[in-house]
Amino acid sequence: MFDRPDAAQLLTIARETLKPLLDDLPSEHRYSLLMVLNAMAIAARDARAGSARPEVQQLREACGPEYSEIDCDALSDRLAADIRAGAHDGNTRLGQWLLADVRRRLERSNPQYLRMADGASPTKKPSPDFSGDGFR
Amino acid sequence: MGLIEPDIETALEDFVGARSGADAVLVHRIEPLPGGAIQENYAVDLTIQGGSFAGSRELVLRSDARSAVGASLSRAQEFAVLRRVHGTGAATPRVLWLCEDTSLLGRAFYLMERLPGTANARALVRTPWTDAQRRALVESLGGQLACIHSVRPPDPELTFLGEPPGSPALARVARYREYLDALGQARPVLEWALRWLEVHAPDSEEVVLCHCDFRTGNVLVSGGQVSGVLDWEFAGWSDPLEDLGWMCARSWRFGAWCFEAGGLGHRSDFYHGYERGRGVSIDALGVAYWEVMAAVRWAVIALQQSQRFLSRKEESLELALTGRMVPEMELDMLELIEAIDAGTVNV
């Protein structure tokens, strides 16, 4: 269905190829290259996560029946507006979904931050994983 | 680049000469100072003969930069704030002369005394301070804030700050909602936190002069003590807990999370310095509220910065990456809200 290596694999190997060049770079370009390496790592994790989004269905369920007909793109706008208006005050299930969604996105943009946060509160257990997608 | 042009030195010498009544002024050096994303700062060394300010002087020239941010004070307003705060005993630079005549250097500017020390956040956080040094340093940070917070509205020198808000917390919530609307990006997690802040806003708040960006990175440290408080462009009337919350927010610990006061020392020592300076005791849950606010504020700023990249105004990898930092602040705000609601927040 598609050629290999895929986006994630290409990005990863390209990043590994760039990394040793850090030592050779004059110092005024080091910061730029570090940012490039970071951006490639985030992009690779994004690519691995893929486009499957089972969490969207879970969001609809957490928000109530009015949400079942709203299409994906409009969901965020509707959700934001309803939260601001107080329509979801006390909606614990939604609160848990939001936290799980933050953790999912953080897993892609900065997994080390997530490890640090979980380490900082040893009594805290990570929220239930609603993603169910198994991509890593 | 910037203001450095061949006849800048002459223009400055004439200006300083006129303002100080000097017989002669000689500029030895003008060099850009690091930092200052929104303003441009320069180190200026000069010698003044005669007049009210004779001697070898090490100054800072602070001017408008090309890209101004709407929410910040003008140089003239900043000058007035610094002059007012200097009288409280806070370690602010002594401001000398304001020039609003843009024909001199192309932009409004002012000159102030240069203070010793470093404000480099990463270097300060990575310094292997002893426990005693950390305690002294963050106590002095608390003491600085206490001085700043002694300025209360109304103040005849600070009329440009406008009417103090009845509820600083709700004023902030409204402002951040406006910013989000202007960005046109729906952010459910930020809306969740803002709604929580709205519902849990305190019934009554003290209103004082707040720095509104008091954190590691904006404070000069020399010899283990605060030698200067910098970057006053966001100063305004607000709840003093706002400054305390900003200083203790996880975002501003630069990775040293165990040192809750700006990555430099313990929260309790920071509080102690503040409480001793103001003769009040700190409402710890109130600070936690404003730490949630701090995470929201920084998330909104990050979104605004990434918007400059997304809207093609500025092709910058740094701005692009800033947009991907938002989940970090979102985690901070949600975890803190959960801890406050559960009664488990560290006080």
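The values are calculated or read from the model by the stated rules, or taken from the named source; none is laboratory data. All values derive from a computational prediction rather than experimental measurement. For neighbour counting, all protein chains shown are included, and Cβ atoms are generated from backbone atoms with ideal geometry for every residue, glycine included. Side chains are part of the model used for accessible areas, which takes the heavy atoms of the whole protein and leaves out ligands, DNA and RNA. Shrake-Rupley method; radii C 1.70, N 1.55, O 1.52, S 1.80 Å.
Yes/no matrix, rows are residues, columns are (1) open to solvent by less than 30 Å² (accessible area, probe 1.4 Å); (2) within 13 Å of chain A (Cβ to nearest Cβ):
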position: B:ALA256; (1), (2): yes, yes
position: B:LEU264; (1), (2): yes, no
position: B:TYR289; (1), (2): yes, no
position: B:ALA295; (1), (2): yes, yes
position: B:ILE301; (1), (2): no, no
position: B:ASP341; (1), (2): no, yes
*Might you let me know whether the stretch A:77-88 holds any residue that is exposed (fewer than 12 other Cβ atoms within 10 Å of the Cβ), more than 14 Å from the chain's Cα centre (by Cα) and either of a type in the set (Lys, Arg) or within 9 Å of another protein chain (Cβ to nearest Cβ) (or both)?*
yes
_Go through the stretch B:184-196 and report how many residues are in contact with a Phe, Trp or Tyr (Cβ under 7 Å, 6 or more places away or on another chain) and surrounded by fewer than 24 Cβ atoms within 10 Å (Cβ to Cβ)._
0
*Can you tell me how many residues in the stretch A:1-60 are modelled with pLDDT under 90 and charged (D, E, K, R)?*
10
*Scan (1) modelled with pLDDT of 90 or more; (2) open to solvent by less than 60 Å² (accessible area, probe 1.4 Å); (3) facing chain B (nearest Cβ under 9 Å) for the single condition A:LYS124 breaks and write down its number.*
(1)
*Can you name the number of the only condition in (1) among the β-branched types (Val, Ile, Thr); (2) within 13 Å of chain A (Cβ to nearest Cβ); (3) open to solvent by 20 Å² or more (accessible area, probe 1.4 Å); (4) part of a helix (DSSP H, G or I) that B:ILE337 fails?*
(3)
*Just one of (1) outside any loop (DSSP other than H, G, I, E, B); (2) β-branched (Val, Ile, Thr); (3) modelled with pLDDT under 95 trips up B:VAL300, so point out which.*
(3)
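For the stretch B:124-133, state whether one or more residues are closer than 21 Å to B:ARG278 by Cβ, among the aliphatic types (A, V, I, L, M), out of contact with any helix residue (DSSP H, G or I) (no Cβ under 8 Å at 6 or more places or on another chain) and crowded, with 17+ Cβ neighbours inside 10 Å. Step through it out loud before you land on a result.
Quick first cut of the stretch B:124-133, residues closer than 21 Å to B:ARG278 by Cβ only: none.
Within the stretch B:124-133, none of the residues are closer than 21 Å to B:ARG278 by Cβ, among the aliphatic types (A, V, I, L, M), out of contact with any helix residue (DSSP H, G or I) (no Cβ under 8 Å at 6 or more places or on another chain) and crowded, with 17+ Cβ neighbours inside 10 Å.
Among the residues of the stretch B:183-238, which ones are hydrophobic (A, V, I, L, M, F, W, C) and within 14 Å of chain A (Cβ to nearest Cβ)? Talk me through it step by step, then tell me what you get.
Going through the stretch B:183-238, the residues hydrophobic (A, V, I, L, M, F, W, C) turn out to be B:183, B:186, B:189-190, B:192-194, B:196-197, B:199, B:201, B:207-210, B:212, B:214, B:219-221, B:226, B:229-230, B:232, B:234-235, B:237.
Within the stretch B:183-238, B:LEU183, B:ALA186, B:VAL189, B:LEU190, B:TRP192, B:ALA193, B:LEU194, B:TRP196, B:LEU197, B:VAL199, B:ALA201 qualify.
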*Scan the helices (runs of 4 or more DSSP H) fully inside the stretch A:1-107 and keep the ones with 1 or more residues being of a type in the set (Asp, Glu) and touching a Cys at 6+ places or on another chain (Cβ under 9 Å).*
A:72-84
_Tell me whether the stretch B:310-318 contains one or more residues that are surrounded by fewer than 23 Cβ atoms within 10 Å (Cβ to Cβ), outside any helix (DSSP H, G or I) and on the phi > 0 side of the Ramachandran plot._
yes
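Do any strands (runs of 3 or more DSSP E) entirely within the stretch B:55-116 hold 2 or more residues that are free of Cβ contacts under 8 Å to residues at least 40 places away in the same chain and more than 17 Å from B:VAL27 (Cα to Cα), and if so, which? If you could, list the steps in order and put the result at the bottom.
On the way: elements: B:55-64, B:95-99, B:109-113.
Correct list: B:95-99.
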